[in-house]
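What follows is a structure written as structure tokens; I'll ask about it next.
The values are calculated or read from the model by the stated rules, or taken from the named source; none is laboratory data. Given the structure is predicted, the values throughout are model-derived calculations rather than measurements. For neighbour counting, all protein chains shown are included, and Cβ atoms are generated from backbone atoms with ideal geometry for every residue, glycine included. Heads up: the accessible areas ignore ligands, DNA and RNA and are worked out on the full protein's heavy atoms, side chains in. Shrake-Rupley method; radii C 1.70, N 1.55, O 1.52, S 1.80 Å.
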Amino acid sequence: MKRVWLLSALLLIPPLSWADGPVHERELDNGLKVIVKEDHRAPIVTSQVWYGVGSSYEQGGTTGISHALEHMMFKGTEQLAPGEFSRIVAENGGEQNAFTSRDYTAYYQNLANDRLAIAFELEADRMRHLALPAEEFAKELEVIKEERRLRTEDDPESLTFEVFNAVAYAASPYRNPVIGWGDDIANLTVADLRDWYRQWYAPNNATLVVVGDVDPDAVFALAERHFGPLEAETVVAPRPRGEPPQYGEKRVQVKAPAKEPYLLMGYKATAVGHADATWEPYALEMLASVLDGGASARIRRELVRGQEIAASAGAGYSAFSRLPGMLLLDGVPANGHDVAELERGLRAQIARLRDEPVGEGELARIRNQLVADKVFKLDSVFYQGMEIGKLETLGLGWRLIDEYLERLAAVTPEQIQAVARKYLVPENLTVAVLDPQPIEDRPSHTIAGGHPHVR
């Protein structure tokens with residue numbers, strides 16, 4: 001009865017396209033997809049440009065080029081001097097930023113709704129008219145090198161995560177760090193960036209997402225005016241680089257200056273669009289939430305508070321990615337306990353999921369929390385834009401947002417047990433252990449780690 005009640009409750013939650021206003025979409029003649037979501041609760045708007053390129057598109061020798069180009073997108077166009085873009089947005093009371101991931105690169109501005117034309121004019125200008133001055137690139141390259149030193153090389157847990165991915169994946173481009181390998185970064189040239197920019201930063205490889213207090217027809221007219229004249233580019237999809245089967249558990253030890261040991265485990269899994277059965281990725285999401293879906297979930301309840309063998313621990317999985325990824329678990333052992341004990345504890349939790357179905361009461365609680373988290377996030381116009389942009393750029397389509405909660409609600413205990421038995425097996429497992437070295441060996445400019453990879 002609990003499951004029937006919860007599914008009924010979920011169906012009462014308005015999907016994204018019904019909440020406050022519908023979603024409208026149009027494609028310009030040059031291939032730019034424009035998606036507008038109305039939300040009239042406040043006179044604000046988020047404008048986001050998503051490009052279908054990220055680190056998983058890169059080849060050996062040029063890793064990090066997508067991230068480097070993101071930096072250079074703020075360093076001037078044929079019409080604007082370096083820094084002018086940010087200054088104009090700030091003068092108009094807006095905030096702006098960008099991010100590069102494995103699967104996409106995105107740029108956004110959050111502004112008052114009467115300033116949308118400014119965002120469009122600026123983004124259209126740098127979509128095809130980036131200057132890429134050599135002197136600015138030389139300076140920015142040093143910034144990127146320092147970013148890599150601080151966030152990866154001098155952060156023991158981030159370093160462990162980087163080594164872990166390189167060992168876990170044999171062929172998938174997910175084995176490469178988004179920021180790139182050090183030698184590749186050092187050898188990037190302006191010519192490399194110019195070729196990458198011309199190849200991928202084109203209207204027919206982009207999605208413009210606008211969410212907020214706007215009139216859709218006015219937004220489409222504005223997009224046509226600013227982006228319509230831009231020329232399309234011949235965009236060739238990267239060659240497939242599938243991951244071959246893994247024939248046994250992999251292990252790696254990372255020795256680095258650190259205050260405490262760290263454990264990272266990952267099981268290769270599937271993703272939406274790659275699964276043998278459409279329900280499998282959603283069952284994996286529910287499984288991850290059973291392990292780490294709040295303070296009362298199994299890992300914190302049993303390993304952190306119960307057995308007290310973990311100072312911190314967690315699990316994570318994303319159903320949405322361009323290529324199949326992993327279900328991750330990580331943790332730091334509590335004082336008086338070691339990594340081996342923590343690993344045994346996490347393995348026991350996985351074995352339990354394989355051996356016995358999750359109880360309906362426990363699953364109902366997890367579903368309720370997932371629903372609440374999703375509804376609260378969709379209260380933000382920025383997050384609505386993020387969901388639309390991500391799904392569109394991955395080729396899954398924004399309408400999947402409407403189905404997401406219903407698909408999670410439909411997951412059964414038997415399906416969770418089935419994906420545990422299929423994917424959470426030694427043949428899919430990689431284990432990385434951080435062996436802490438004396439902290440005085442760490443450079444003085446380092447920053448502390450914080451388990452950013454799973455949670």
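Could you please report the charge total around A186, scoring K, R as +1 and D, E as -1 over all other residues with beta-carbon less than 11 angstrom from its beta-carbon? The partial results should precede the final answer.
Numbers: positive: K145, R148; negative: E142, D183, D184.
Computed value for this residue: -1.
Under a 5 Å amide H to amide H cut-off, with H placed in plane at 1.01 Å, what residues pair with T105 once short-range neighbours are removed?
Placed amide hydrogens put Y51, V53 under 5 Å from T105.
Just to verify a number: FRET efficiency for D402 and E440, C-beta to C-beta distance, R0 = 51 Å, to 0.05?
On the way: r = 55 Å, r/R0 = 1.07.
The formula returns an efficiency of 0.40 here.
What's the percent breakdown of Cα-Cα distances in the chain across 10 Å bins, shortest bin first?
Percent of pairs per bin, in order: 4, 19, 27, 27, 18, 5, 0.
Let me ask something else about it. Report, in debye and to the nearest 20, how large the dipole of the chain comes out about its Cα centre when Lys and Arg carry +1 and Asp and Glu carry -1 on their Cβ. List each step's numbers first, then the result.
Details: 48 positive and 67 negative charges, 267 e Å.
That gives the chain a dipole magnitude of about 1280 debye.
With unit charges on the beta carbons (Lys and Arg positive, Asp and Glu negative) and the dipole taken about the Cα centre of region 231-297, which residue among A275, Q253, A295 sits farthest to the positive side?
Q253
Just subtract the alpha-carbon distance of R239 and E142 from 0.36 nm times their residue separation and send over the number in nm, one decimal.
Values: separation 97, 0.36 × 97 = 34.92 nm, distance 3.12 nm.
Difference between extended and current length: 31.8 nm.
Quickly work out the A42-to-D338 label distance, labels modelled 7 Å from Cα along the C-beta direction, and quote it in nm with one decimal.
Simple spin-label model gives 5.2 nm for this pair.
Work from the charge dipole of the chain (Cβ charges, +1 for Lys and Arg, -1 for Asp and Glu, about the Cα centre) and give the residue of G361, A124, P22 farthest towards its positive end.
G361
If I model a spin label as a point 7 Å beyond the Cα along the Cα-Cβ vector, how far apart are those points for A166 and A232 in nm?
4.1 nm
Also: How much length is gained if the chain between Y383 and D114 is pulled fully straight, taking 0.36 nm per residue apart and subtracting their Cα-Cα distance, in nm to one decimal?
Details: separation 269, 0.36 × 269 = 96.84 nm, distance 2.03 nm.
Stretched fully, the Y383-D114 segment lengthens by 94.8 nm.
Here is a further query. Calculate how many DSSP beta bridges within the chain are antiparallel, expressed in % of all such bridges and rounded to the nearest 5. Don't skip to the end; give the middle numbers.
Values: 45 of 59 bridges.
Taking every DSSP beta bridge within the chain, about 75 percent pair in antiparallel fashion.
For region 215-281, what does the accessible surface come to per residue with a 1.4 Å probe? Please give it in Å². Show your work: numbers first, answer last.
Working: 3810 Å² over 67 residues.
Averaged over the residues of region 215-281, the accessible area is 57 Å².
Further, regarding this structure: What whole-number value in Å² describes the accessible area per residue of region 301-455 for a 1.4 Å probe?
Roughly 43 Å² per residue, with all protein chains present.
Could I ask something else about it? Suppose every K and R has +1 on its Cβ and every D and E has -1 on its Cβ; what is the size of the dipole of region 354-428 about the Cα centre, in Debye to the nearest 20? Intermediate results must be reported in sequence, preceding the final value.
Details: 10 positive and 13 negative charges, 25 e Å.
The dipole of region 354-428 has a size of about 120 debye.
Let me have the 222 nm mean residue ellipticity of the chain computed from DSSP H runs of 4+ only, each contributing -39500 (n - 2.57), with the sum over all residues rounded to the nearest 500. Working shown, then result.
Values: 15 runs with 178 residues, N = 455.
Rounded to the nearest 500, it is -12000 deg cm²/dmol.
How much length would be gained if the chain were fully extended between A81 and D195, taking 0.36 nm per residue of separation minus their Cα-Cα distance, in nm to one decimal?
Values: separation 114, 0.36 × 114 = 41.04 nm, distance 2.12 nm.
Full-extension gain reported as 38.9 nm.
Based on Cβ point charges of +1 for Lys and Arg and -1 for Asp and Glu, what charge dipole magnitude is obtained for region 89-219 about its Cα centre, in debye rounded to the nearest 20? Walk me through the intermediate numbers first.
Working: 12 positive and 25 negative charges, 91 e Å.
My answer is approximately 440 debye.
What distance in nm lies between label points placed 7 Å from Cα along the C-beta direction at N92 and A134?
Computed distance between label sites N92 and A134 equals 3.4 nm.
Now, a different point. Could you please state how large a percent of the accessible area of region 96-255 is carbon and sulfur, counting protein chains only and using a 1.4 Å probe? Intermediate results must be reported in sequence, preceding the final value.
Values: 3470 of 6950 Å².
Within region 96-255, the accessible surface is 50 percent carbon and sulfur.
Now for a separate question. At most 12 other Cβ atoms within 10 Å plus a DSSP loop assignment makes a site exposed; report the longest stretch of the chain without any exposed chymotrypsin sites (Phe, Trp or Tyr not before Pro).
Working: sites that count: W18, Y247.
Segment 19-246 is the longest.
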